[in-house]
Amino acid sequence: MKEMEESCEIRIFDFDQIPSASEFASQIESKNIPAVFKGSIKDWKAFSKWNPSEGGLDYLQERVGSSVVEVMLSRTAPVFYGDIRRHERVPLPFSTFIGYCKEHKQKMDSCVEPERHLQVGSEKEEPCLLPGDVASQQIYLAQVPIMNNENEERVQLESLKEDIQKPAFLETKIIASINLWMNNAQAKSSTHYDPHHNLLCIVAGCKQVALWPPSACPMLYPMPIYGEASNHSSITLESPDFSMYPRAECFREYSQKVILHAGDALFIPEGWFHQIDSDDITIAVNFWWQSNIMSCLSEHMDAYYLRRIIRRLADREVNQILDKASAGTKRLKRHTCELLNNEEPDQTNHGLDQSHERQDLQGTEPQHRSLLHDLQPCSLQALHKLVSLVHDHVNVSNLGQPVVSTSTSNSDFNVKDKYGEIMTTKLFCLKDDPVAKILWTLEVHAFQEVSLAMAQNFPRTLEALILHMLSPVGAEVLTRKFDEMDQQTSEEDRNKFYEIFYGAFDDQFAAMDAILNGKESFALQAFHNVLDKYLGVKF
């Protein structure tokens, strides 16, 4: 969550002066951060000719009124959801839409609250193809093409291209499409991201844009990747259900809002989630172009990059699981004894190792035999706590008989809880696993001391812990401690440590398998979390 918070604190650029093409490419686009360019399109012909307060609606009706455009029709207006299940695309004469705008403007100018439009079929209406009982406020001209390099046949308003111009800082970009966005009544979009870079230009009216970086994807619950609206959020902005979408509780906190007035432009990088509120009779034009990253991706590399990206997300998820769960133990990591002083070590001999202690210590070098006496108090208490946990949960069928096999398929150890039932070790949360919590709080030197002491003095206990009590989160913590230790010790000391540690097991390969299997189970859970958070896929 800390990484999420830091990545969501990215501030939006704000420019009073329009950058050059090279400045835009090197200082703005390459950073993949939104930027506002104030007054950057005031020199467009459209800025004056389309202005509804200066006869712009008559001008538009004269220029393209005979065109038939596709409009978004939604009964959830003023919210227009991008999900195809909640809106329709229907044909409408552009002149009819301009009529709606004029009617709405007249009511605004006379300070009369706009009413529902007359039902389709009324004698006072212009003929149109809207179905059923529809209000004019329920339609929105969304993404009506002025230019489209990918599908020239769908361009419906090409003649309007003469009134706009490509901003100078985009002169080196290959524009994929230019689109008109126009609403007669207030409108609100659903939260979504675009697969292209976007420059949103306000010709008339005002828009408020809320933005979230791509890293905020988990808290916005994207639609399933295999669905039609995979780039849209599942959350209903007006009344989010936090019981269904618990991560969404902080989605507003990490949004950034900008208000765009006529003449302003906003650069929205690909992948940035955004939600837009438009005032009455707002007109905008946007430019879409492909980012350098996407244009450089070769199709035959898709599978490779997909695996790399998912692996990076899964690794980050692992770190977030541990960081989030251990937030309350950071202080304890500095004062490990506080965690362990809840129970004073007793002098009870542990039966699991008692019958073997004498033979285990025979032939051991004196300094190893005296290791228990040399332990620091915190290390000694951690060792006691670990040994006690194992003995509290392990039932040895016959303590009087030597344990000759420790393989998982034929073992005398059964891990049980206080009710005598076999204990589950499928734990993925640090706070729920006492073994993992103890290991997590140990500093590297203390971890090394405790591990060697257990291997040399309580080998059967260590065997039971690793083979029968090590949960997935415990395996992840253990291997992280190994990694920390490896970075701080010499090769000779590392080799000696692992020789003693794994030498405690009758079957060293079974011990390694148990640790690796647990670690992979933890990684699998992180992978499932990633698919849920970023792709909307649940298992």
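The values are calculated or read from the model by the stated rules, or taken from the named source; none is laboratory data. What you see is a predicted model; the values in this text were computed from it and never measured. Please note: Cβ atoms are built from the backbone with ideal geometry, for glycine as well, and neighbour counts cover all protein chains shown. Just the protein is used for accessible areas: all its heavy atoms, side chains included, with ligands, DNA and RNA removed. Shrake-Rupley method; radii C 1.70, N 1.55, O 1.52, S 1.80 Å.
Taking the condition of being open to solvent by less than 10 Å² (accessible area, probe 1.4 Å) and assigned to a loop (DSSP other than H, G, I, E, B), how many residues in the range 18-42 meet it?
2
Whether any residue in the range 500-508 is open to solvent by 20 Å² or more (accessible area, probe 1.4 Å), in a helix (DSSP H, G or I), in contact with a strand residue (DSSP E or B) (Cβ under 8 Å, 6 or more places away or on another chain) and within 18 Å of Leu439 (Cα to Cα) is what I want to check.
no
Filtering the range 269-312 down to residues that are charged (D, E, K, R) and without any contact (Cβ under 8 Å) to a residue 24 or more places away in the chain, which residue is least open to solvent (accessible area, probe 1.4 Å)?
So the residue we want is Asp302.
Exactly one condition in (1) in a helix (DSSP H, G or I); (2) among the acidic types (Asp, Glu); (3) buried (at least 19 other Cβ atoms within 10 Å of the Cβ) is false for Asp315; which is it?
With respect to (1) in a helix (DSSP H, G or I); (2) among the acidic types (Asp, Glu); (3) buried (at least 19 other Cβ atoms within 10 Å of the Cβ), Asp315 is out only on (3).
Of everything in the range 251-268, what is surrounded by fewer than 21 Cβ atoms within 10 Å (Cβ to Cβ), touching a Leu at 6+ places or on another chain (Cβ under 7 Å) and either part of a strand (DSSP E or B) or in contact (Cβ under 8 Å) with a residue 60 or more places away in the chain (or both)? Give them in sequence order.
Matches in the range 251-268: Gln256, Val258.
Are any residues in the range 467-489 closer than 15 Å to Ala436 by Cβ and either basic (Lys, Arg) or touching a strand residue (DSSP E or B) at 6+ places or on another chain (Cβ under 9 Å) (or both), and if so, which ones?
Correct list: His468, Met469, Arg480, Lys481.
Name the residues in the range 138-166 that are open to solvent by 50 Å² or more (accessible area, probe 1.4 Å) and at negative phi, would you?
Those that are open to solvent by 50 Å² or more (accessible area, probe 1.4 Å) and at negative phi: Asn149, Glu150, Asn151, Glu152, Glu153, Arg154, Glu158, Lys161, Glu162, Gln165, Lys166.
Within the range 80-94, identify whether any single residue is of a type in the set (Ser, Thr, Tyr) and in a loop (DSSP other than H, G, I, E, B), and answer yes or no.
yes
State all residues of the range 197-251 that are charged (D, E, K, R) and closer than 30 Å to Ile41 by Cβ; if no residue qualifies, say none.
Selection gives Lys207 alone.
Let me spell it out: the conditions are (1) open to solvent by 30 Å² or more (accessible area, probe 1.4 Å); (2) outside any loop (DSSP other than H, G, I, E, B); (3) among the aromatic types (Phe, Trp, Tyr), and Phe169 meets all of them except one. Which number is the exception?
(1)
Do we have Asp194 as in contact (Cβ under 8 Å) with a residue 60 or more places away in the chain, acidic (Asp, Glu) and more than 24 Å from Ala25 (Cα to Cα) here?
No.
Using the structure shown, decide if Val473 is outside any helix (DSSP H, G or I) and either acidic (Asp, Glu) or within 20 Å of Glu317 (Cβ to Cβ) (or both).
No.
Tally time: how many residues in the range 179-191 are open to solvent by 10 Å² or more (accessible area, probe 1.4 Å) and modelled with pLDDT of 95 or more?
1
Quick one: which residue in Ala248, Ala204 is aliphatic (A, V, I, L, M) and surrounded by fewer than 21 Cβ atoms within 10 Å (Cβ to Cβ)?
After applying the criteria, what remains is Ala248.
Which condition number does Tyr100 fail, the rest of (1) of a type outside the set (S, T, N, Q); (2) open to solvent by less than 20 Å² (accessible area, probe 1.4 Å); (3) in a loop (DSSP other than H, G, I, E, B) being met?
Here Tyr100 meets the rest and fails (3).
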